[in-house]
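Enquirer: Here it is, the structure in full.
The values are calculated or read from the model by the stated rules, or taken from the named source; none is laboratory data. Owing to the predicted nature of the structure, the values given are computational and were not obtained by experimental measurement. Methodologically, a virtual Cβ is constructed for each residue, glycine included, from the backbone with ideal geometry; neighbour enumeration extends over all protein chains shown.
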Amino acid sequence: MVGIYIVQGIRDLFWLPIEQYQKDGRIVRGLQRGANSFTTSTAMAALELTNRLVQAIQVNNSQSLLCVCVCVCARVRVRVCV
């Protein structure tokens, strides 16, 4: 998904100025649109990567907490039984 955002942004960065120039000869407007699209796509890719990183950290923390709780509970039961 991240790659799609980046590829789309790069495509728009180069294609929108050409398209705008062919349409009405205003290359500066095309450059603005292309740069805007590229910036938006890059920001979306960064947000997607950040979201994946946060999810990975949450899963790792949940599993670590579960492991610690199981180990502590096992120790408490052993001490109580002994």
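Enquirer: Step by step: first the residues of segment 15-50, then only those that are more than 18 Å from Tyr5 (Cα to Cα) and of a type in the set (Val, Ile, Thr), then the one that is surrounded by the fewest Cβ atoms within 10 Å (Cβ to Cβ). Which residue is that?
Expert: Looking at the filtered set, the residue picked out is Val28.
Enquirer: Any residue at all in segment 9-24 that's touching a residue at least 40 places away in the same chain (Cβ under 8 Å) and among the aliphatic types (A, V, I, L, M)?
Expert: Step one: of segment 9-24, the residues touching a residue at least 40 places away in the same chain (Cβ under 8 Å) are none.
For segment 9-24, residues touching a residue at least 40 places away in the same chain (Cβ under 8 Å) and among the aliphatic types (A, V, I, L, M): absent.
Enquirer: May I ask you to verify whether Arg26 is on the phi < 0 side of the Ramachandran plot and modelled with pLDDT of 90 or more?
Expert: The answer is yes for Arg26.
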